[in-house]
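Encoded as structure tokens, the structure appears first; notes follow it.
The values are calculated or read from the model by the stated rules, or taken from the named source; none is laboratory data. This structure is a prediction, so every number in the text was calculated from the model and none was measured. Heads up: the accessible areas ignore ligands, DNA and RNA and are worked out on the full protein's heavy atoms, side chains in. Shrake-Rupley method; radii C 1.70, N 1.55, O 1.52, S 1.80 Å.
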Amino acid sequence: DSGVTQTPKHLITATGQRVTLRCSPRSGDLSVYWYQQSLDQGLQFLIQYYNGEERAKGNILERFSAQQFPDLHSELNLSSLELGDSALYFCASSSDGDTQYFGPGTRLTVL
Amino acid sequence: GNSVTQMEGPVTLSEEAFLTINCTYTATGYPSLFWYVQYPGEGLQLLLKATKADDKGSNKGFEATYRKETTSFHLEKGSVQVSDSAVYFCALSDRTGGFKTIFGAGTRLFVKA
């Protein structure tokens with residue numbers, strides 16, 4: 001158990017809809033990262049927050065947005081969903097910016 | 001920019017065979033290097049890390065040595081078990097790049113009994 005929690009575990013929705021994924025980092029970790037893992041296993045970095053502020057941005061679509069709240073939990077919002085957005089979404093947290101601790105992931109299925 | 005290249009899979013081995021998964025990197029600064037492992041149905045977890053040249057990371061029988069001269073961080077294990085079947089990701093974190101971690105594409109390992 002990494003200490004990072006993600007909800008929900010599974011999400012099934014339709015094209016055009018909007019969903020919110022939630023992540024609670026390990027106690028004391030200020031950095032939160034979001035990744036998308038496609039079926040062919042590739043891991044794409046989406047965005048990083050540090051203590052409430054955006055720190056780095058990766059290949060995140062304009063339809064996606066994220067934020068980190070004062071209690072350090074983070075949410076990833078995905079809107080106007082397309083079939084190709086079906087994937088595993090992982091959150092990770094870090095205290096030192098080096099080692100990341102991953103949550104169990106949210107599996108999103110867009111029908 | 002920074003990048004990580006690791007050998008394509010899948011890699012299929014028999015139990016007790018020797019494992020090598022190659023990983024090379026490109027970085028402008030002095031990165032930390034990592035191997036993460038993802039077991040079926042789970043998130044990634046740190047397997048081992050090395051933070052400077054010639055450091056050797058080791059855990060659960062796996063080893064990798066940070067080779068600056070060849071920009072490599074190959075993962076090795078002397079005798080694999082069926083329970084080692086997983087996807088292995090090489091990664092680097094470069095503080096001069098703002099702590100962004102770059103992951104390789106992952107290498108799937110199958111170990112047969």
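So the values come out like this:
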read-out: The protein assembly as shown - convex hull of the alpha-carbon atoms, volume per residue in Å³; value: 118
read-out: Accessible area expressed per residue, chain B, with surrounding protein chains retained (probe 1.4 Å, Å²); value: 47
read-out: Inter-part distance where region A:28-98 and region B:11-31 are each reduced to a Cα centre, Å; value: 26
read-out: Contact order relative to length of chain B, as percent, for alpha carbon pairs under 8 angstrom and 6 or more apart; value: 37
read-out: Kirkwood Rh, angstrom, region B:50-98 [1 / mean 1/r, Cα pairs]; value: 12.3
read-out: B:Lys60, B:Lys77, B:Lys100, ranked by accessible area, largest first (probe 1.4 Å); value: B:Lys60, B:Lys100, B:Lys77
read-out: Reciprocal mean inverse distance between Cα atoms of region A:1-75 - Kirkwood radius, Å; value: 13.4
read-out: Amide hydrogen neighbours beyond the local backbone of A:Leu30, cut-off 5 Å, H modeled; value: A:Ser94
read-out: In Hz, Karplus ³J(HN,Hα) per residue of region A:14-24 (6.51, -1.76, 1.60; θ = phi - 60°; x = Gly, Pro); value: 9, 4, x, 7, 10, 9, 10, 9, 10, 9, 10
read-out: Backbone HN-Hα couplings from phi across region A:75-87 [Karplus 6.51/-1.76/1.60, Hz, Gly and Pro as x]; value: 10, 10, 9, 10, 10, 6, 4, 10, 4, x, 7, 4, 5
read-out: Violating pairs (Cα-Cα greater than 31 angstrom) within the set B:Lys52/B:Lys112; A:Lys57/B:Lys68; A:Lys9/B:Lys100; A:Lys9/B:Lys52; B:Lys56/B:Lys112; value: B:Lys52/B:Lys112; A:Lys9/B:Lys52
read-out: Rounded to whole Å, sorted largest first: equivalent-ellipsoid semi-axes of chain B, Cα gyration tensor; value: 24, 14, 12
read-out: Heavy-atom accessible area order for A:Tyr89, A:Tyr101, largest first, 1.4 Å probe; value: A:Tyr101, A:Tyr89
read-out: Rg/Rh (Cα only; Kirkwood hydrodynamic radius) as it applies to region A:31-111; value: 0.95
read-out: Total accessible surface hidden between B and A, rounded to 100 Å², 1.4 Å probe; value: 1600
read-out: Accessible-area order (highest first, 1.4 angstrom probe) of the listed residues B:Asp84, A:Asp71; value: A:Asp71, B:Asp84
read-out: Residue-normalised accessible area of region A:40-111, expressed per residue, 1.4 Å probe, Å²; value: 43
read-out: Translational D in µm²/s for region B:1-66 (Stokes-Einstein at 20 °C, 1.002 mPa s, Kirkwood Rh from C-alpha pairs); value: 159
read-out: Backbone HN-Hα couplings from phi across region B:47-61 [Karplus 6.51/-1.76/1.60, Hz, Gly and Pro as x]; value: 9, 6, 8, 9, 10, 8, 4, 6, 5, 10, x, 8, 5, 6, x
